[in-house]
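Here the structure is laid out as structure tokens; the discussion comes afterwards.
The values are calculated or read from the model by the stated rules, or taken from the named source; none is laboratory data. Values in this document were obtained by computation on a predicted structure and should not be read as measured data. A quick note on method: Cβ atoms are made from the backbone with ideal geometry, for glycine too, and the neighbour counts reach across all protein chains shown. When the accessible area is computed, the model is the full protein with side chains, heavy atoms only, and any ligands, DNA or RNA have been set aside. Shrake-Rupley method; radii C 1.70, N 1.55, O 1.52, S 1.80 Å.
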Amino acid sequence: YNGPGAVDDTSGTASVLEMAHQFATEAIERGDPVRSVRFCTWGGEEEGLWGSKAYVESHKGALTQNLRLYVNLDMNHVDIDKGERGNSLWLFGNDKRDIENVKDITKQYQQKRPEIANKYVINFDLLTGDLGDADGLPYNSDHGPFAYGLEDKRGKVLVCYGSGSWEYHTYADDMTRFNEESTGVSVVIYGTYVVHLAYGG
């Protein structure tokens, strides 16, 4: 309603769709996964995480028992002018094992695709604190309800944020600033991990 939303959050939505496409290709080759994978997008994030909160509330019991990991892609994008605006991606989560595994996958990605990976600084962070703590996850996107809204359990989440998107939430958030390549970094890294977990990892 207040901007075209090319980066916020067409970048994340397009990434979810691409991960779903890639996962479907994997499933055709390997058969059904051991774990179920759901690809979702949410409405009302800017107004108060309405969609994700409603989903968690409606499925709280099943999520508390069965959720292995929630991956959130919100502006997983680096502006096309990396030199002026920065070239960093922030991969973070609240489970040490997940972060270590993502680091290992990132190393492999950097070795196999250096022509892309070397353009970006990929940062990692482990945030295990309670809601509102300095070492807790930010509660500013749809991962929040999955991390902190389950019954007597903290949901495990991974999130990617990018850099340099100064125009978001304005009329200027259009495709002239869009860097398609940058979204592929988190799609490959997190997508690889989702496949690993889905097939029993």
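The residue that is surrounded by the fewest Cβ atoms within 10 Å (Cβ to Cβ), among those in the range 83-107 that are touching a helix residue (DSSP H, G or I) at 6+ places or on another chain (Cβ under 8 Å) and not aliphatic (A, V, I, L, M), is N101. Looking at D79, D9, just one residue is at pLDDT below 95 and surrounded by 18 or more Cβ atoms within 10 Å (Cβ to Cβ), and that residue is D9.
Residue pairs, Cβ under 9 Å, 6 or more apart or interchain, first in the range 129-157 and in contact (Cβ under 8 Å) with a residue 60 or more places away in the chain and among the β-branched types (V, I, T), second assigned to a helix (DSSP H, G or I) and surrounded by 13 or more Cβ atoms within 10 Å (Cβ to Cβ). List them. From the range 129-157, the pairs are V157/D98; V157/H143; V157/G144; V157/F146; V157/A147.
Among the residues of the range 63-76, at least one is among the hydroxyl-bearing types (S, T, Y) and within 25 Å of L131 (Cβ to Cβ). Would you confirm whether any residue within the range 119-131 is of a type outside the set (D, E, K, R), open to solvent by 20 Å² or more (accessible area, probe 1.4 Å) and part of a helix (DSSP H, G or I)? Looking through the range 119-131, none of the residues is of a type outside the set (D, E, K, R), open to solvent by 20 Å² or more (accessible area, probe 1.4 Å) and part of a helix (DSSP H, G or I).
Which one is least open to solvent (accessible area, probe 1.4 Å), of the residues in the range 132-170 that are of a type in the set (D, E) and over 23 Å from G61 (Cα atoms)? Lay out the reasoning, then the answer.
Keep residues of the range 132-170 that are of a type in the set (D, E), which gives 133, 135, 142, 151-152, 167.
Remaining after also requiring over 23 Å from G61 (Cα atoms): 133, 135, 167.
On the way: D133: 74, D135: 76, E167: 36 Å².
Out of the qualifying residues, it is E167.
The residue that is least open to solvent (accessible area, probe 1.4 Å), counting only those in the range 54-76 that are outside any loop (DSSP other than H, G, I, E, B) and of a type in the set (D, E, K, R), is K60.
Only one entry in G83, G51 is within 23 Å of V185 (Cβ to Cβ), of a type outside the set (A, V, I, L, M) and assigned to a helix (DSSP H, G or I), namely G83. Checking every residue in the range 16-23 against the condition of being among the aromatic types (F, W, Y), open to solvent by less than 40 Å² (accessible area, probe 1.4 Å) and in a helix (DSSP H, G or I) gives at least one match.
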